[in-house]
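Participant: I have a structure here, written as structure tokens, and I will follow up with some questions on it.
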Amino acid sequence: MARSVIVTITATVYLLVYIVLHALDIRFGWILFLFSFSPAIMVWLVLSILSDHSVHMRELEDEEEWGYADRPGREGLGVF
């Protein structure tokens, strides 16, 4: 299993525990303790996903811009 998947599961479980404790009216100290670490958990989650290289993308050609790899061209994106 990729590291980013493990980090995503960990962050999800952490936030679900926070929500459940908040819904059960557990002591405010515990909720504040978990809430104080949630920004660090989110930063860890974002950095691990951005640094994940498990999906290999093709190299761009000269004068080619990045786009959606699963779309054939601009025609598939529609009008904005």
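The values are calculated or read from the model by the stated rules, or taken from the named source; none is laboratory data. Just so you know, these numbers come straight off a predicted model, no measurement behind them. FYI the Cβ positions are ideal-geometry reconstructions off the backbone, even for glycines, and counts take in every protein chain you see.
Participant: For region 45-59, what are the residues that are closer than 18 Å to Val13 by Cβ and either hydroxyl-bearing (Ser, Thr, Tyr) or at pLDDT 95 or above (or both)?
Facilitator: Passing the criteria: only Ser48.
Participant: Read through the list (1) loosely packed, with under 15 Cβ neighbours inside 10 Å; (2) over 19 Å from the mean Cα position of the chain (by Cα), then give the number of the only condition that Met1 fails.
Facilitator: (2)
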